[in-house]
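Worksheet for the structure shown next.
We did not get these values from a lab; they are worked out from the coordinates using the rules stated. Note that this is a predicted model, so its numbers are computed, not measured. Counting neighbours? That spans all protein chains shown, and the Cβs are built from the backbone with ideal geometry, glycine included.
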There are 2 protein chains.
Amino acid sequence: MATGSIQTTHSNGSDDVDVPDVVVERLPLYVRVLTALAASGIDMVSSEQLGDQLHMTPAQIRKDLSYFGRFGKQGRGYNVAALVNKLKAILGLDRSWNACIVGMGRLGRAIASYPGFAPEGFKIVAAFDTDQSLIGTSVDNLPVRSLSHIRQAVQEDDIAIGIVAVPAVAAQSVIDALVDAGIGAILNYAPVTAHTPDHVKIKNIDPVMSLQSMTYYLKS
Amino acid sequence: MATGSIQTTHSNGSDDVDVPDVVVERLPLYVRVLTALAASGIDMVSSEQLGDQLHMTPAQIRKDLSYFGRFGKQGRGYNVAALVNKLKAILGLDRSWNACIVGMGRLGRAIASYPGFAPEGFKIVAAFDTDQSLIGTSVDNLPVRSLSHIRQAVQEDDIAIGIVAVPAVAAQSVIDALVDAGIGAILNYAPVTAHTPDHVKIKNIDPVMSLQSMTYYLKS
């Protein structure tokens, strides 16, 4: 597994390839870089050029992409449009996904009005809180509902993603409620290390922790 | 380096220990967990208990902490208060840090009003934009200034951290301006893979990319 040219048994890039998590993690970055190249009118790209942009070696690039079929032509590189379309299909980015926000305080409202989600196919279709003074109000045309309606809403509105914007002390119980309701992926803005069962993915958005890991280097 | 009980030559945990980046990355998480334990009235904690909370093995915990001195007592565990104070000092979290935001559109304004920074010692003291219609306005009592004043402001206000909230196309040039102005750490909210010189740290906050790496698992 140490060289860049691996023959997979799944040369059609079908969904049943068992792709390591660390490779899946990198795919959105490939999609972003390839989309920018396509927008610049570039048709073909070499693993060397991709490596430069992604701070990876050409061998790593070739190894990652070998999981999904044989895109590269010897000496010509990768077809940008074909590769980006394939990677988007693999990631499930060739469709849209419905998300809900739990916690419609200051942070939740900022997330609801964040302009970056919709263009990438992530639609925020429901908002929840437990605060009676917020329930019934609207944020960006999104009615705030009682958290007790979450399970019903997840089914009715086909919600796959839960965005958690509640205070730290409430986060784990909200996450448990999302898991119970059938949510498969959670984007957690609460500053806690939360737990989910193995079948539910969770990612943390934690700007304070990002800052805290950089101040070590600022000291000197 | 494979066992959990390493004798360091820096038993006083002084700043000149050469700590791997990957360990520095984890320290804020230790601080958070230990702070929560202290708030619960817990005085001593074992590496096993810390490992449970942090999803790490006790050996990894002991190895990480061995870089900073000898906190653990055989069979008794770590003194929570002493350890959290030491780790905060090592990370530079025993003082406050001044930050500025560049880009005061919708995203920048949401960041400016994010309630999580100040309690952790991160003060947003300046805001910049290039849009003449925004310059001179105020957001949360923060006057929006022209980006051309960045170098002067960084020096006058002792700003160490730059928060980037501009559109993707403008991000690299803004980051270059922050680096030129003497900023040492950048928190980048623009959806780009930006470049900085080695002496300037950068972390990306990218909720869309976090979502995109989870949809792979939602498909099935």
- Item | Using a 7 Å Cα-to-Cβ projection, A:A38 label spacings across copies, nm, ascending | 5.0
- Cα-Cα over 29 Å: which of A:K123/B:K203; B:K86/B:K201; A:K88/B:K123; A:K63/A:K201; A:K63/A:K219; A:K201/B:K86? A:K88/B:K123; A:K63/A:K219; A:K201/B:K86
- Message: Using the Kirkwood radius over C-alpha pairs as Rh, can you work out the diffusion coefficient of the protein assembly as shown via Stokes-Einstein at 25 °C, viscosity 0.890 mPa s, in µm² per second?
- Response: 103
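Within chain A, what percent of beta bridges assigned by DSSP are antiparallel, to the nearest 5? Intermediate values should be presented prior to the final figure.
Details: 5 of 27 bridges.
Antiparallel bridges: around 20 percent, rounded to the nearest 5.
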- With both partners inside the protein assembly as shown, how many of the DSSP beta bridges are antiparallel, as a percent to the nearest 5? 20
- Query: Fewest to most neighbouring Cβ within 10 Å: what's the order for A:S40, B:S113, B:S47?
  - Reply: A:S40, B:S113, B:S47
- Taking a label point 7 Å from Cα toward Cβ, how far is A:N85 from its twins in the other copies, in nm, shortest first? 6.4
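Quick one: A:M104, B:M209, fewest Cβ neighbours within 10 Å first, how do they rank?
Numbers: A:M104 25, B:M209 20.
If I rank by nearby Cβ atoms, fewest first, I get B:M209, A:M104.
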- Query: How far apart, in nm, are the 7 Å Cα→Cβ label points at B:K203 and A:T57?
  - Reply: 2.9
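Indicate the helices, whole DSSP H runs only, in chain B that combine a mean Kyte-Doolittle hydropathy of 1.0 or more with a Cα extent along their long axis of 15 angstrom or more.
Numbers: long enough: B:21-39 (28 Å, 1.16); B:80-91 (16 Å, 1.53); B:168-180 (19 Å, 1.29); B:207-218 (16 Å, 0.47).
TM-like helix candidates: B:21-39, B:80-91, B:168-180.
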- Could you give me the percent of Cα pairs per 5 Å distance bin for chain B, shortest bin first, beginning at zero and ending with the bin that holds the maximum distance? 1, 6, 12, 15, 14, 13, 12, 11, 9, 5, 2, 0, 0
- Taking the Cα centre of the protein assembly as shown as the origin, how large is its charge dipole in debye, to the nearest 20, when only Lys and Arg (+1) and Asp and Glu (-1) carry charge on their Cβ atoms? 280
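If I take R0 = 35 Å and measure r between the Cβ atoms of B:S148 and B:H195 in this structure, what FRET efficiency does the formula 1/(1 + (r/R0)^6) give, to the nearest 0.05?
On the way: r = 22 Å, r/R0 = 0.64.
Using R0 = 35 Å, I get an efficiency of 0.95.
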- Length added when fully stretched, A:T35-A:A82, from 0.36 nm per residue minus Cα-Cα: 15.8 nm
- Query: So, counting K/R as plus one and D/E as minus one, what does the shell of residues with Cβ under 15 Å around B:Q60 add up to?
  - Reply: -1
- Query: Hey, in the GNM for chain B with a 10 angstrom Cα cutoff, which one of B:H195, B:H55, B:H149 fluctuates hardest?
  - Reply: B:H55
- Message: I'd like the projected area of segment A:21-90, averaged over all directions, using the convex hull of its alpha carbons. Report it in nm² with one decimal.
- Response: 4.1
- Residue of chain B whose Cβ sits closest to the axis mapping B onto A, with distance in whole Å: B:A110, 2
- Query: Separation of segment B:170-220 and segment A:156-207 by C-alpha centroid, Å?
  - Reply: 23
- For B:A168, which inter-copy label distances result when the label point lies 7 Å beyond Cα on the Cα-to-Cβ vector, reported in nm to one decimal and in ascending order? 3.4
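Go ahead and run the numbers for FRET between A:A170 and B:K123, Cβ-Cβ distance against an R0 of 35 Å, rounding to 0.05.
On the way: r = 26 Å, r/R0 = 0.75.
So, using R0 = 35 Å, E works out to roughly 0.85.
Exactly which trypsin sites (Lys or Arg not before Pro) in segment B:87-180 are in a DSSP loop and have at most 11 other Cβ atoms within 10 Å? Numbers along the way, then the final one.
Details: sites: B:K88, B:R95, B:R106, B:R109, B:K123, B:R145, B:R151; in loops: B:R95.
Taking segment B:87-180 and a limit of 11 other Cβ atoms within 10 Å, the loop trypsin sites (Lys or Arg not before Pro) found are B:R95.
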